[in-house]
Amino acid sequence: MKTILKILENTYQSVVSYHNSHSAERVSFLTGSLVKGKDRQMILVSGEPIFLAEDCYETTTRSYLRLYPDVAAPLMQHFVEGFDPVLINIHHHPFSESGTGFSAVDDEDDIRMDKVLRSIRDEMGLPFINVSMVLDQNSFDARITDTSSTQVFTSIDQVQCIGSDRFHIRYPNSVQPQQLLTDEISCRQNFIDPPIQHWLKHAHIGICGAGGTGSITAEALLRYNCGHITIVDDDVVETSNLNRLQGVGYQDVGQHKVKALRRHLKRLSPKTHLTTVHSAIHEQKAFDALMQCDVVFSTVDNAYARAALNQLSVQGMIPLFDVGVEVALEPTNFLYRVFNVLPGASACMMCSQFEMVDMNQVNRASLSAELEAEYRARGYITGVEQAKAASVYGLNLMAVGAMMTDFLNYLCGFRDMTVLRYSNFQERRLETTEQQDYPANKPAADCPVCSSYLGRGYDLPTPYLNKTEHQQKSVQQLFLENSNIFS
């Protein structure tokens, strides 16, 4: 099983700086949650590292350290009794410049600690993932220790560091990937560094929404040479869709959109791994499928789905790229906007100053049809039902093109990230808000999503799932009901 560790870039850099600032060996700790899938598991680290004061060390040299017993014991007790199932202990080899690995002494220490902590957590009926990292001046190695398994040591395959400017992909020394040979399909993309091309080839990318923008996004990812694409949508192809669905024709009318799109993509690239889920985002199987992804694209057309994807992004520490298009009438106008959520590193849709989600629409969508009719009769809901929106293929192309450029920039770091793109045809406006010009684009301390759900994986209930079971409650009520879990 592939293991990916997700962490904020600022947190990773603070750990590296702490260790490299000392000439003698030091130790630090992180905790995290776990998201486990069929063939991969993600360790999510969203908290602050624990750095020990100098008087905590009984002995420390360039190759050895020992904590005072009255420091080590309460530290381990704090974890054993804690909420997080993952403990990460980090030390460094100051004598090494690059290519460091775990020593025989490290093996003994990790095995001894794992036996003690695992036995206690097992007695308490709690899961335990024991991760170790060793750093040197320019590289690192990372692994899981599990003395209950026949394979005691298992390498971490990849570390994904979420920054506000770039998505940093780092590989432990023990699993450094071989350089990907450029094939004919991607030879015109040689401006992308080989490590990024390698990552794209083995990445798992999710798309929610297989309509006009979603079908174009899927084909764009295919042409970026992405190795695994998961597409989620609960709709079927209608004749009125054919003016904008990429690769779909009259023969597909009446079929699931995801099935028709999969057939088109397989014709283009038979070797690409394609997973399709005919489901709405509020259903568990859709949420589970997207939680396994490295990056998710939001190509939906309603506030409820957009809010649910925002929640998934923050909860799973998954960068989210969202696109929205609109054809306005009287006068005719073409509008689009692109927004990205970099969980823990940027504001989410709920705390962004750009008001990306209309919570009135979200709460209305969480009502049952019967309750909505009752509220409408009482006058709590006014206005006419929304008609089928106008749509045009060219607008979708422009919007997705802008979004895919932002995605590539986040991987490669060509320049500072764009927070928001907005285009208004009638007003002849094409605006961008850059990260460097908008320092306030940070998670808000009072945001109900960022402040409570960042990196929690499945540890907390997701307010948007199984809406049929909670159809008489608003999403805001569900947030309030679950807020006391941290008190």
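Brief remarks on what is shown
- Selected residue (criterion: surrounded by the fewest Cβ atoms within 10 Å (Cβ to Cβ)) from residues of the stretch 289-301 that are of a type in the set (A, V, I, L, M) and part of a strand (DSSP E or B): Val295
- Output for the stretch 437-470, where each listed residue is modelled with pLDDT of 85 or more and of a type in the set (D, E, K, R): Lys442, Asp446, Arg456, Asp459
- In the stretch 119-145, residue farthest from Pro74 (Cα to Cα) [restricted to those that are surrounded by fewer than 18 Cβ atoms within 10 Å (Cβ to Cβ) and within 29 Å of the chain's Cα centre (by Cα)]: Asn138
- Any chance Ala305 is among the small types (Gly, Ala, Ser) and surrounded by 19 or more Cβ atoms within 10 Å (Cβ to Cβ): yes
- Options Ser96, Ser139; residue that is touching a residue at least 24 places away in the same chain (Cβ under 8 Å), touching an Asp or Glu at 6+ places or on another chain (Cβ under 6 Å) and under 23 Å from Thr61 (Cβ atoms): Ser96
- In the stretch 1-52, the residues that are under 17 Å from Tyr171 (Cα atoms), touching a Ser or Thr at 6+ places or on another chain (Cβ under 9 Å) and among the charged types (D, E, K, R): Lys6, Glu9, Arg40
- Test result for Arg378, farther than 25 Å from Leu309 by Cα, assigned by TED's automatic domain parsing to the domain that holds Pro194, surrounded by fewer than 21 Cβ atoms within 10 Å (Cβ to Cβ) and at pLDDT below 90: yes
- Single residue of Glu330, Glu283, Glu326 found to be without any contact (Cβ under 8 Å) to a residue 60 or more places away in the chain and out of contact with any Ser or Thr (no Cβ under 7 Å at 6 or more places or on another chain): Glu330
- Qualifying residue in the stretch 432-441 (condition: of a type in the set (A, V, I, L, M, F, W, C) and either touching a helix residue (DSSP H, G or I) at 6+ places or on another chain (Cβ under 9 Å) or not assigned by TED's automatic domain parsing to the domain that holds Phe287 (or both)): no
- Unmet criterion (only one of (1) of a type outside the set (Asp, Glu); (2) loosely packed, with under 13 Cβ neighbours inside 10 Å; (3) over 27 Å from Ser452 (Cα atoms)) for Pro74: (3)
- Residue selected from the stretch 166-185 under the condition part of a loop (DSSP other than H, G, I, E, B) and β-branched (Val, Ile, Thr), by the criterion modelled with the lowest pLDDT: Thr182
- Restricting attention to the stretch 158-173, the residues that are touching a Phe, Trp or Tyr at 6+ places or on another chain (Cβ under 8 Å) and under 21 Å from Ile144 (Cα atoms) total 8.
- Selection status of Thr217, of a type outside the set (A, V, I, L, M) and touching a strand residue (DSSP E or B) at 6+ places or on another chain (Cβ under 9 Å): yes
- Matching residues, the stretch 394-432, being touching a residue at least 60 places away in the same chain (Cβ under 8 Å) and hydroxyl-bearing (Ser, Thr, Tyr): Tyr410, Thr418, Tyr422, Ser423
- Residues satisfying the stated conditions in the stretch 302-347, i.e. in a strand (DSSP E or B) and hydrophobic (A, V, I, L, M, F, W, C): Leu320, Phe321, Val323, Val325, Val327, Ala328, Phe334, Leu335, Val338, Phe339, Val341
- Residue count, the stretch 97-108 (criterion: surrounded by fewer than 17 Cβ atoms within 10 Å (Cβ to Cβ) and either at pLDDT 90 or above or not charged (D, E, K, R) (or both)): 8
The values are calculated or read from the model by the stated rules, or taken from the named source; none is laboratory data. Because the structure is a prediction, the values reported are computed rather than measured. All Cβ positions, even for glycine, are placed from backbone atoms using ideal geometry, and neighbour counts span all protein chains on display.
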